[in-house]
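Below is one structure; the comments refer to it alone.
A short reminder: the numbers here are calculations on the coordinates, not readings from a lab. Model, not experiment: these values are computed from the prediction. Counting neighbours? That spans all protein chains shown, and the Cβs are built from the backbone with ideal geometry, glycine included.
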Amino acid sequence: MSTHSSKLGPQFSPARLKPALEYIEGYWKRLEKFKPHDDGTLVGLPRPYFVPSVANDTGFSYEEIYYWDTYFIAQGFLGTHREHLLKGLVEDLMSMMDRFQIIPNAGRTYHTGRSQPPFLTNFILQVYQVEQNKRWLEQAMTVAKNEYRMVWMGTSHPNWRQVYHGLSRYYHVDVLDDLAECESGWDMTTRFDRKALSYLPIDLNALLYKYERDFEKAALILGEEEEAREWAKRALARRAAVRNYLWDEEQGFYFDYNYMTSKQGKVWSLAAFFPMWAGMDDADTAERIMKQLEKFEFEGGLTTTAREPEIKMPVPTQWAYPNGWAPLQLVAIEAMERYGYHVAAERVARKWIEANLVQFEEKGEFFEKYNVVKIHEEPVEGLYPSQTGFGWTNSVFTRLCDKYLRAEETPYVERVLTITPLQELVRNPRKTLRRVGVKLNGAIPKRLM
């Protein structure tokens with residue numbers, strides 16, 4: 001059992017954490033795939049990638065990459081011996097954009113009619129911070145600009161997403177609300193009342209603001225000051241439109257906006273933390289949002305939506321109270337950190353770690369979602385059974401442990417390499433042979449050369 005501090009949340013011991021961290025470390029090799037050629041509906045990709053889970057007793061078996069899963073899986077690799085894999089993951093996403101003119105929901109040809117929440121520019125900048133390669137940055141940002149313009153700012157079918165005062169919605173090529181809701185990643189949720197095509201989502205438009213700011217940043221790195229100013233103008237225009245339509249001044253919170261009825265939605269959700277994560281808010285706005293944290297914070301972290309108002313839906317809504325999801329925990333925690341709410345961020349992180357550990361200790365696995373209100377109980381199910389594994393949960397868990405746990409809480413875990421030397425030779429023959437050649441040249445006596 002963990003001890004508990006009301007200020008900082010649960011405290012842990014190395015003995016308790018070690019089995020969970022060893023499980024995660026050993027699980028990555030099971031999630032890694034390398035499929036360079038198409039296989040039926042499976043899209044071939046140039047670099048290794050990671051799937052959310054392996055075959056399990058729910059009947060699901062993943063072979064394909066997923067867009068926003070890949071971003072959040074990569075967050076657990078930052079600063080670790082797997083950090084070098086980030087560039088390949090970004091290039092896999094870029095290859096699909098080049099091929100399909102959209103980064104699909106997943107690497108299947110039948111998923112090319114929709115995307116998922118866009119995180120590409122932040123992903124690219126994370127790689128640049130490691131690689132410091134300006135040529136690569138310019139090439140990658142060109143692909144991201146194509147995604148921004150063609151997919152997210154499209155004004156006609158098959159990418160009719162920009163629909164109202166420069167703001168965008170989620171969409172699907174078949175123009176169906178439920179499939180547009182799948183593009184949101186929140187399938188299914190109470191946020192859109194099954195009318196996703198009619199809503200301007202706060203998270204999506206915050207992510208597009210982040211794109212615009214990231215394009216500005218990249219332009220400055222590349223010495224393109226005039227272009228940087230243009231992106232800054234776009235970002236400011238989006239922020240003004242978001243403030244006008246999606247901000248409720250009386251309640252001090254963001255809500256999705258139904259542009260067909262000219263009314264804001266009623267659902268309080270963690271999507272409102274995306275503007276903080278993107279740096280869109282001023283300090284006063286962030287403070288008002290933080291005053292609503294108690295609506296979401298429970299024993300095991302943050303619920304996806306607030307308990308009230310309780311909305312009954314004709315389909316199961318797993319992206320809602322009382323469930324918590326790893327990517328939303330990380331976004332909210334990083335949002336708090338960005339605005340100086342360090343104590344709240346650590347407390348939520350520790351609660352989430354505790355919720356994950358409780359279920360791991362009871363069942364020996366990590367899961368895609370958790371009941372954060374009653375951490376010993378099952379989450380509310382969605383349209384499909386809860387998945388085990390689980391890629392983004394594992395990564396967020398390890399990232400939060402690395403950031404928030406003290407040295408005396410953290411065990412030593414032996415690294416497990418996910419790529420063998422033979423695999424490296426097959427995937428990068430020139431680079432590998434060049435490296436081997438250098439070593440041989442240094443080892444062979446000069447008289448034998």
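Please list 344-354, 221-231 highest first by mean number of surrounding beta-carbon atoms within 10 Å per residue.
344-354, 221-231
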Both in Å, the radius of gyration and Dmax of the C-alpha trace of region 187-289 are 14.8, 46
Taking Lys and Arg as +1 and Asp and Glu as -1, residues besides Ile311 with C-beta under 10 Å from its C-beta add up to 0
Hull volume per residue for the chain, using the convex hull of the C-alpha atoms, in Å³ is 163
The percentage of Cα-Cα pairs in region 113-191 separated by more than 17 Å is 53
One computes Rg over Rh for region 91-235 from alpha-carbon atoms, with the Kirkwood Rh, and obtains 0.98
Once normalised by the length of the chain, the mean sequence separation of its alpha carbon contacts under 8 Å that are 6 or more apart gives a contact order in percent of 17
Once the in-chain neighbours fewer than 8 apart are removed, the lysines whose Cα is under 24 Å from Lys217 read Lys87, Lys134, Lys145, Lys233
In whole Hz, the Karplus estimates of ³J(HN,Hα) for region 175-184 (6.51, -1.76, 1.60; θ = phi - 60°; x where Gly or Pro) are 6, 10, 4, 5, 6, 5, 5, 4, 4, 5
Assertion target for Thr189, Thr388, ordered by fewest C-beta neighbours within 10 angstrom first, is Thr388, Thr189
Applied in sequence order to region 21-29, the curve 6.51 cos²θ - 1.76 cosθ + 1.60 (Karplus, θ = phi - 60°) yields integer Hz couplings, x standing for Gly and Pro, of 5, 5, 4, 5, 4, x, 7, 4, 5
Projected onto their principal axes, the Cα atoms of region 264-418 stretch, largest extent first, over whole-Å spans of 49, 39, 27
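Classify region 88-130 as rounded, prolate or oblate from the Cα gyration tensor: take a ≥ b ≥ c as the square roots of its eigenvalues, call it rounded if a/c is under 1.5, otherwise prolate when a/b beats b/c and oblate if not. Could the numbers behind the result be given before it?
Numbers: a/c = 2.82, a/b = 2.04, b/c = 1.38.
Here region 88-130 falls in the prolate category.
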